[in-house]
Amino acid sequence: MFEFKLPDLGEGIHEGELLQWHVAVGDTVKEDDPLCEMETDKAAVTIPSPRAGVISALNASPGDTVDVGSVFVVIDDGSGDAAAKEKAAQEEASDTAPQEKNASRPDPPSEQRPKGRVLAAPATRRLAREMGIDITQVSGSGPGGRVTPEDLNAYDGADAGPDTAENPEDTAAEDRASEPKAVAEPLEVSGIPFLEVQGLATPDGPVEREPFRSLRNKVAVKMTSSSILMPHVAHMDDIDVTDIEAQRLAYNLRQADKSDAGREETAEKNPGKLTLLAFVMKAVAAGLKDYPMFNASVDLSSREIVYKKYYNIGFAADTPRGLMVPVVHDADRQSLAGVGYRIRHLAGLARNGEISVPELTGGTFTITNVGAIGGTHVFPIINAPESAILGLGRVEKRPVVVGDDKIRVRKILPVTLCFDHRVADGAQAAAFVRDLKDMLENRLEFMSRI
Amino acid sequence: MVVGEMILETDILVIGGGPGGYTAAIHAADLGRDVVLVESRKQLGGVCLTEGCIPSKTLIHAVGLARNADDARRMGLVHDGISFDVDKLRRHVQKTVKVLSSGVSSLVENREIERITGHARFQDKNTVYVDGANTIVHFNHAIIATGSEINALPAEVMKNLPDGDSGIWTSAQALGVPEIPESLLVIGGGYIGLEIGQAYAGLGSRVSLVEFNEALLSGADKDLVRVVVTHCERDFEAVHTGAKVTAIEPVEDGFRVTMEKSEDESQEGFQQEFTRVLAATGRHPNTRDLGLDLIGLEPDAKGLIPTDEVCRTPVPHIFAIGDVAKGPALAHKASREGKVAVEVICGKSSAFDNVAVPAVLFTHPEIAWTGLTEADAKEKNIAYKVGKFPLTALGRARSTGKTDGFVKVLAEPESDVILGVGIVGEHASELVAEATLAIEMGACLEDLIVTIHPHPTFSESLMEAAEMASHGSVHMMKASS
Ligand SMILES: Cc1cc2nc3c(=O)[nH]c(=O)nc-3n(C[C@H](O)[C@H](O)[C@H](O)COP(=O)(O)OP(=O)(O)OC[C@H]3O[C@@H](n4cnc5c(N)ncnc54)[C@H](O)[C@@H]3O)c2cc1C
């Protein structure tokens, strides 16, 4: 009998939402057969079976949140006896003991830790006492289920004890810690005059209720915190992309020919078509070097501004699961074609739910072109802990007054730079956007900078 | 009130100046509390320092040097045999104790802790009377750290011996090294009996040992004990297990001792004469003469004061630590508990939440274990896998000729979390510290395996044993499949 605990899903991830089982109790599985789909804050993952055997219990249902380290599948791998050889004697002994558990779940083998054993460093155990947390209730994300200080912090926030008072019959919810209550809890924003959190009045018509889960919950937390905690300022401008668009389209035609010739797309050899986003991203990566305040974070604990010397540019991608922000690492050091290729590759992974955690983390600046779907200017919220975000509107042909007072049809990209006013001022934002505009409107400027 | 009686007020009263008590007193003073420390002996340090750990280990070390010198003949060391100057040896042991004990005294004085010499008894829940100092102490909190004392042999066995000084050695007397007896009978096959027995065998006495149980060192895993028993069988004249002493009479130059095999009562006992007899039949907590009944504290059947995980007794402002409280009667457990009790009194979030209390036996060779033992795992039906690494395969052990023994690591089968470590061999007492840290930190086998251990040292054996538990060691032959 093998108790499969939800494995580590990535740094800082303590739980996942079960989307779907691929197996049922009684199924025979081979090692590495897919067991289920889990969705974490960051990505969807397929969990493979660690053992061959017969599924004897599934301890969660789709929609449930499963903690890393908790036993969620029990597989009868027939080899409970491997370990059992050594302890044949003990099992005899236990036969005489009264049966403690009744059938509902397969009797776990004698695999429990010595009673009362908490797997955590002594300092972590002390910290738990200081935080008033019963450490035996915290599921550890470390090797072997070791509880780390991070787990304690997370427990304090997300797992602040199941609130089952509302539907006591729902036993399934009993061990779920992170359901919508994280948002339902009274807000502790004391000390802010006029701030009041209103309960929701009884609706006047039919409604459907949906709990905040995984990604939706994550987005809600991030956006609320970011918009409340960061003084946002938006700086808007229009960029004339007529020339760059002409060149881009010509380039893409040539690429299409290559692809038709059957050559495989790779980042170096045949990177495929370029999007306008790739140009913007390269320009941003270059511009940030002169405007470090937009590639920064605020360290609240030390009251310092942290300027980052690396340029990992995230871009918002609308996926069937919701908003995700894949990150092009070191965008400043890749060629234009390389960046273009990465963007398309990552967007594809995100759409198909195959993107991995490292590909979604480590960003230093974000570009969102959700506006491309429609609308002119957008007002994006900064992707904390970054200090700025660039929102792109939709490129449209517009009449523009040019040099000699003539009106011409030009392709215009509306942009908005939202930035954290704590670390930068309006003049710097204006200059930064001016710089981007120069690069994107003037081919030589672009080429000489990137 | 008696004439001349002194009255003191204090925040924290500590009764007993052993490793539990003096640690608690000093820690409390360091945390800014007002402390009174009562100890009935003149010296501080308790059993551990004055008649336990320190003198025994000093003596055992000296004997070990002689044994090493003997072994070293094989390595080309030339000498005409080694012998001891008993007077010098005794003075060396005494001096070691004295230096350490006055060290403890200066630490206590340095904190301006009020120290009273006398025997404390409770009068009520906030008062003790110190006999011998004619002093009353009122306190807000008390820590009982009165330790344990040796069990006397049954009156039935002793009835032919003179009252008062019976002439039977206690461990404390044996550690004073009054003489090297021609022959010595050790009653009791626990670690104290074995340690002292082996020491006297090393000094040149013909040593016999009698133990009531079938096994020696009953708390330790059998495979660890086996290695030491092999040495005892070689170094002792006789080892009688499953046997008991039924009578002792004085004879000229010593004692005539009657022993019986406990398995068949019918059989007549056998008699033998010894120059000296050492009683090492266990210890009991000092809770009988403390006035505990006056404060409503009732020791359990073993004489232990009940405590919770922060060392608090059922009387909430009174704490108990060390040998008077549950758990192994070891000095390091006493001192850790002392710190916990004080921190809790000072409002800190502290608890005796240790997963592993290492046990060390300074036998020849040493035994040490920490965390789960195999015997425990079997009894409690805890699944485990085990990796053993013999010292014969260790470079450093070969180079010192100390190849007797092995290290074993017990781990959880699935997670590889380390549950326990057992060691028998040279330096076991030192190696067990790393193992204890590993267990406290919740380490897995891999943590030990990938940590670089210096070569060539005995510490590598722990890493190798972890490898054996995980997938096999580079330094072992592969099992043929
Ligand atoms: C031969 C021998 C070898 C040992 N070897 C080891 C070893 O290698 N490692 C190890 O960890 N442990 C060893 N021990 C055990 C160790 O000595 C004890 O576990 C340890 O001393 C317990 O500490 P304690 O503070 O609880 O009490 P103690 O050290 O017993 O101290 C208690 C003190 O309280 C005093 N006292 C008692 N009653 C009163 C009273 N009413 N008023 C005032 N004072 C009082 C006593 O005089 C004593 O000094 C050994 C013990 C012996 C006998």
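Provide the gained length on full extension for the span residue B:72 to residue B:437, in nm with one decimal, where the gain is 0.36 nm per separating residue minus the Cα-Cα distance. Could the numbers behind the result be given before it?
On the way: separation 365, 0.36 × 365 = 131.40 nm, distance 3.43 nm.
128.0 nm is the gain from fully extending residue B:72 to residue B:437.
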(request) Starting from the amide H of residue A:35, placed 1.01 Å from N in the peptide plane, find each other amide H under 5 Å away whose residue is 5 or more places distant or on another chain. (result) A:47, A:49
(message) Helix-only estimate, please: 222 nm mean residue ellipticity of chain B, summing -39500 (n - 2.57) across DSSP H runs of length 4 or more and dividing by its residues, to the nearest 500.
(response) -10000 deg cm²/dmol
(message) Within 10 Å of each candidate Cβ there may be at most 11 other Cβ atoms; applying that plus a DSSP loop requirement, which GluC sites (Glu not before Pro) in segment B:104-164 survive?
(response) B:112
(request) Go ahead and run the numbers for FRET between residue B:246 and residue B:275, Cβ-Cβ distance against an R0 of 22 Å, rounding to 0.05. (result) 0.65
(message) With a cap of 12 neighbouring Cβ atoms within 10 Å, and only residues DSSP puts in a loop, list the trypsin sites (Lys or Arg not before Pro) found in segment B:1-95.
(response) B:42
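Among A:289, A:218, which comes first, second and so on when ranked by fewest other beta-carbon atoms within 10 Å?
Values: A:289 12, A:218 16.
Going from sparsest to densest Cβ surroundings: A:289, A:218.
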(request) Determine the shape class of chain B: with a ≥ b ≥ c the square roots of the Cα gyration tensor eigenvalues, call it rounded for a/c under 1.5, and otherwise prolate if a/b is greater than b/c, oblate otherwise. (result) oblate
(message) Using the basic label-point model (7 angstrom from Cα toward the beta carbon), what is the residue A:8 to residue B:476 distance in nanometres?
(response) 2.6
(request) Would you grab the residues whose amide H sits under 5 Å from the one on residue B:111? Only those 5+ places off in sequence or on another chain, please, with H modelled 1.01 Å from N. (result) none
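Would you mind ranking B:246, B:117 so that the residue whose beta carbon has the fewest other beta carbons within 10 Å leads the list? Write out the running numbers ahead of the final one.
Details: B:246 14, B:117 17.
The fewest-first ordering by Cβ neighbours comes to B:246, B:117.
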(request) Calculate, in nm to one decimal, what residue B:351 and residue B:65 gain on full extension: separation in residues at 0.36 nm each, minus their alpha carbon distance. (result) 98.9 nm
(message) If I model a spin label as a point 7 Å beyond the Cα along the Cα-Cβ vector, how far apart are those points for residue B:289 and residue B:138 in nm?
(response) 2.8
(message) Once you place label points 7 Å from the Cα toward the Cβ at residue B:163 and residue A:70, how far apart are they in nm?
(response) 7.1
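In what sequence do B:431, A:436, A:323, B:37 fall when counting other Cβ within 10 Å, fewest first?
Values: B:431 25, A:436 22, A:323 17, B:37 28.
Listed from fewest to most nearby Cβ atoms, that is A:323, A:436, B:431, B:37.
Of the listed pairs B:244/B:380; A:258/A:411; A:282/A:397; B:125/B:326; B:222/B:388, which have alpha-carbon separations greater than 20 Å here?
Numbers: B:244/B:380 31 Å; A:258/A:411 27 Å; A:282/A:397 23 Å; B:125/B:326 22 Å; B:222/B:388 14 Å.
Among B:244/B:380; A:258/A:411; A:282/A:397; B:125/B:326; B:222/B:388, the Cα-Cα distance tops 20 Å for B:244/B:380; A:258/A:411; A:282/A:397; B:125/B:326.
Using 0.36 nm per residue, how much length does the chain from residue A:33 to residue A:307 gain when fully extended, once their Cα-Cα distance is taken away?
On the way: separation 274, 0.36 × 274 = 98.64 nm, distance 4.50 nm.
Extra length from residue A:33 to residue A:307 when fully extended: 94.1 nm.
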(message) I'd like the Karplus ³J(HN,Hα) series for segment B:375-388: coefficients 6.51, -1.76, 1.60, θ = phi - 60°, whole numbers in Hz, and an x wherever there's a Gly or Pro.
(response) 4, 4, 4, 5, 5, 8, 6, 9, 6, 7, 10, 10, x, 10
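Can you figure out the FRET efficiency of residue A:321 with residue B:109, using R₀ = 60 Å and their beta-carbon distance, to the nearest 0.05? Could the numbers behind the result be given before it?
On the way: r = 70 Å, r/R0 = 1.16.
Efficiency at R0 = 60 Å is approximately 0.30.
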(request) Please give the average number of partner chain Cβ atoms lying within 10 Å of the Cβ of each residue in B:435-446, rounded to a whole number. (result) 4
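Using the beta-carbon distance between residue A:198 and residue A:333 and R0 = 51 Å, what value does 1/(1 + (r/R0)^6) give for FRET efficiency, to the nearest 0.05?
Working: r = 49 Å, r/R0 = 0.96.
Step by step, r from the Cβ atoms, then E = 0.55.
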(request) Pick out, in residue order, every one of the chymotrypsin sites (Phe, Trp or Tyr not before Pro) in segment A:290-356 that is DSSP loop and has at most 15 other C-beta atoms within 10 Å; say none if there are none. (result) A:310
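No lab work stands behind these numbers, since they all come straight from the coordinates. Quick caveat: nothing in here was measured; it's all calculated off a predicted structure. Note: ideal-geometry Cβ built from the backbone for every residue, glycine included; neighbour counts use all protein chains shown.
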